[in-house]
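What follows is a set of notes on a single structure, which appears directly below.
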Amino acid sequence: KELADQFGKLWVVHRLDRWTSGILLLARNPQAHREMNIQFEHRRVAKIYHALVVGAPSWEQEVVTLPLRPNGDRKHRSVVDIHEGKPAITALRVMARYGRWSLLEVHPQTGRTHQIRAHLAAIGCPLAGDLLYGRTAGIFTSDLNDSIQGVDAPGQAVIQRPALHAWSLAFLHPQTQQPLMLQAIYPPDFEDALQRLAQSS
């Protein structure tokens with residue numbers, strides 16, 4: 001509502017899951033909205049996410065191609081389904097390792113529901129804090145070395161949501177057709193978690 005008060009009517013182009021931080025893309029007129037939707041539909045938009053996961057993958061880069069079926073179980077999760085799932089492609093790169101956690105660069109090349117969360121869980125590297133797909137409540141001070149906890153209460157949450165951040169979007173401006181690349185800095189909980197993990201590892 002605050003954005004609408006400032007800019008007038010807006011059209012959502014790129015939305016995020018409820019707890020995901022990072023870039024939202026909004027159009028200011030129907031023509032721009034239509035043009036951006038075409039770019040997304042034809043996979044002309046490069047989306048990069050940063051994901052803090054539970055796990056220490058043996059690889060440095062990986063491409064996950066497991067097909068996904070949305071709303072595939074009683075918890076309404078997207079599930080891997082070789083026979084009835086829709087094609088889904090997610091490219092991964094390890095950015096940093098912190099003991100039993102890792103920071104990954106994630107490039108979804110398709111746009112299935114909960115694709116990143118489902119693919120990461122399927123390969124044994126669920127998002128930190130993802131109770132729906134990974135059964136991990138988050139990262140707490142009690143998970144880290146006592147020496148860096150300082151005055152924090154034992155068991156205080158460092159990050160307590162699915163640790164996924166929409167880092168960048170690259171696309172063509174809907175009117176000028178000039179290349180654009182937008183980035184979003186980390187929110188405080190994500191930045192704090194990375195700093196504490198770096199000190200602890």
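The values are calculated or read from the model by the stated rules, or taken from the named source; none is laboratory data. Quick caveat, the model's predicted, so the values are computed rather than measured. FYI the Cβ positions are ideal-geometry reconstructions off the backbone, even for glycines, and counts take in every protein chain you see. For the accessible areas, the whole protein counts, side chains as well, though only heavy atoms, and no ligand, DNA or RNA atoms are used. Shrake-Rupley method; radii C 1.70, N 1.55, O 1.52, S 1.80 Å.
Looking only at region 18-63, which residues are of a type in the set (A, V, I, L, M) and farther than 26 Å from P187 by Cβ?
Going through region 18-63, the residues of a type in the set (A, V, I, L, M) turn out to be 23-27, 32, 36, 38, 45-46, 48, 51-54, 56, 63.
Across region 18-63, the qualifying residues are A32, I38, V63.
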Original post:
Could you list, in sequence order, the residues of region 147-201 that are of a type in the set (S, T, N, Q), open to solvent by 20 Å² or more (accessible area, probe 1.4 Å) and at pLDDT 95 or above?
Top reply: Q178, Q183
Original post:
Residue check: is V63 out of contact with any helix residue (DSSP H, G or I) (no Cβ under 9 Å at 6 or more places or on another chain) and modelled with pLDDT of 95 or more?
Top reply: yes
Subject >> strands (runs of 3 or more DSSP E) wholly inside region 70-181 containing at least 1 residues that are closer than 30 Å to R28 by Cβ >> reply: 101-108, 164-172
**OP:** Return the pairs, sorted by first residue and then second, in which the second residue is among the charged types (D, E, K, R) and assigned to a loop (DSSP other than H, G, I, E, B), the first residue lies in region 71-90 and is closer than 20 Å to Q109 by Cβ, the beta carbons are less than 7 Å apart, and the residues are 6+ apart or on different chains.
**Re:** S78/R112; V79/D73; K86/R112; A88/R112
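Matching residues to (1) open to solvent by 70 Å² or more (accessible area, probe 1.4 Å); (2) among the acidic types (D, E); (3) under 15 Å from R112 (Cα atoms):
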{"site": "H14", "(1), (2), (3)": "no, no, yes"}
{"site": "D17", "(1), (2), (3)": "no, yes, yes"}
{"site": "G22", "(1), (2), (3)": "no, no, no"}
{"site": "E41", "(1), (2), (3)": "yes, yes, yes"}
{"site": "V45", "(1), (2), (3)": "no, no, yes"}
{"site": "L52", "(1), (2), (3)": "no, no, no"}
{"site": "S58", "(1), (2), (3)": "yes, no, no"}
{"site": "Q61", "(1), (2), (3)": "yes, no, no"}
